[in-house]
Amino acid sequence: MSEELQKTLENFCRLEGVQCVLLLAPDGTLAGSHAEKGEHDLAQVQALASRCLGLGQRMGSRMDRGSVNHSHAEFSDYSILAEVLDSKAALVIVTEPETNLGRLRLEIRKNRKAVDGLLPA
């Protein structure tokens, strides 16, 4: 992972309520990650996010609604947001339950092209 991509993921972790960030390649493998707070099994988060996005893709396809762009799962002690980038990679963010998700989605929208542009070819 490039230093610039690592710095970008670290910047997401500086946002209030963000515990860790993962970047999943289009095939679901881990392309990068950064964790600031909380204790998360990154492999478990990776697997869960990958399965949820896969399910969303299948649902969209069967309903003739196209590809899933965003997924959100809420648990008692954290939430997981997954945003599918133009390259079909996914930015996955684990947050505390009280996190302002609207603000976080705005930050994702502002930075998605930069993250996409930093992915290895």
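The values are calculated or read from the model by the stated rules, or taken from the named source; none is laboratory data. As the structure is a computational prediction, the values presented were derived from the model and not from experiment. Please note: Cβ atoms are built from the backbone with ideal geometry, for glycine as well, and neighbour counts cover all protein chains shown. Protein only, heavy atoms only, side chains kept; ligands, DNA and RNA dropped before computing areas. Shrake-Rupley method; radii C 1.70, N 1.55, O 1.52, S 1.80 Å.
Residue under question is SER33, and the condition is that it be under 19 Å from ARG14 (Cα atoms) and touching a His at 6+ places or on another chain (Cβ under 9 Å); does it hold? No: the conditions fail for SER33. Using the structure shown, decide if LYS7 is free of Cβ contacts under 8 Å to residues at least 12 places away in the same chain and either open to solvent by 70 Å² or more (accessible area, probe 1.4 Å) or over 15 Å from TYR78 (Cβ atoms) (or both). Yes; evaluated as a whole, the condition is true for this residue. Within the stretch 29-50, track down each residue that is open to solvent by less than 50 Å² (accessible area, probe 1.4 Å) and part of a helix (DSSP H, G or I). Passing the criteria: LEU42, VAL45, GLN46, ALA47, ALA49, SER50.
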